[in-house]
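These notes concern the structure reproduced below.
The values are calculated or read from the model by the stated rules, or taken from the named source; none is laboratory data. No experiment lies behind these values; they were computed from the predicted model shown. Don't worry about glycine lacking a Cβ; one is built from the backbone with ideal geometry, like all the others, and counts go over all protein chains shown.
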Amino acid sequence: MADSRRNDPLCRNTPDDTFLGFDFGHKKIGIAVGHLMTGIASPLKTLPSVNQAPDWRGITKLIEDWMPAGLVVGISKQDDGSDNVITPRMLKFCRQLEGRYRLSVYRQDEALSTFEAKQMLFDEVNVNATKLWAVQDQLAAQLILQSWLNENTR
């Protein structure tokens, strides 16, 4: 889908309009796409980790296809604002994204985004556990990116 969208002049956004959002996890990373012009984020893909490391090939392909102006990564903290067990890995992921792709990486509080995504899917859409596992992270990425867009839309 992304390749055909990239080459379709009717669907192409301005270069500084598109952003990718990430819900980082040990086992998989949810990814969403959003646009400043519309202020809307949409779920895109879930990439499984490769030997507990991000799927850099998959991420590179998405960045090449969507040509984002920047990346938004959800950062998890404790209720008191201190780091939780995964926060250092999330921050490392941000540094790796910046270093590999030379794009601005914005950190967004992801407070309860995965929990919200699960609730929405389970309660409102009534998906089964297998489908929930497959899409919850990209929906969480959508919620993270949507929060960032809401704060940064002109």
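Could you check region 55-77 and list, in sequence order, the residues that are in a strand (DSSP E or B), of a type in the set (A, V, I, L, M, F, W, C) and modelled with pLDDT of 95 or more? Scanning region 55-77 gives LEU71, VAL72, VAL73. If the condition is being at pLDDT below 90 and either under 16 Å from SER147 (Cα atoms) or polar (S, T, N, Q) (or both), then region 1-48 contributes SER4, ASN7, ASN13, THR14. Residues that are within 16 Å of GLN146 (Cβ to Cβ) and crowded, with 20+ Cβ neighbours inside 10 Å were ranked within region 49-74; the one that is farthest from the chain's Cα centre (by Cα) is PRO68. Taking region 37-48 as the range and being crowded, with 19+ Cβ neighbours inside 10 Å and in contact with an Asp or Glu (Cβ under 7 Å, 6 or more places away or on another chain) as the test, the residues that pass are THR46, LEU47.
Here region 86-144 is the region considered, the condition is being of a type in the set (Lys, Arg) and at pLDDT 65 or above, and the residue that is farthest from ILE29 (Cα to Cα) is ARG102.
So which of THR46, THR38 is part of a strand (DSSP E or B), out of contact with any Phe, Trp or Tyr (no Cβ under 8 Å at 6 or more places or on another chain) and polar (S, T, N, Q)?
On the way: THR38 fails: part of a strand (DSSP E or B).
Within the list THR46, THR38, the selection yields THR46.
Just the residues that are among the hydrophobic types (A, V, I, L, M, F, W, C), under 25 Å from ASP17 (Cβ atoms) and assigned to a helix (DSSP H, G or I), please, taken from region 88-104. The answer is PHE93, CYS94, LEU97. Contact annotation: residue pairs with Cβ atoms under 9 Å, 6 or more positions apart or on different chains, pairing a residue in region 140-154 that is outside any helix (DSSP H, G or I) with a partner that is surrounded by fewer than 22 Cβ atoms within 10 Å (Cβ to Cβ), are THR153/LEU36; THR153/MET37; THR153/THR38; THR153/GLY39; ARG154/LEU36; ARG154/MET37; ARG154/GLY39.
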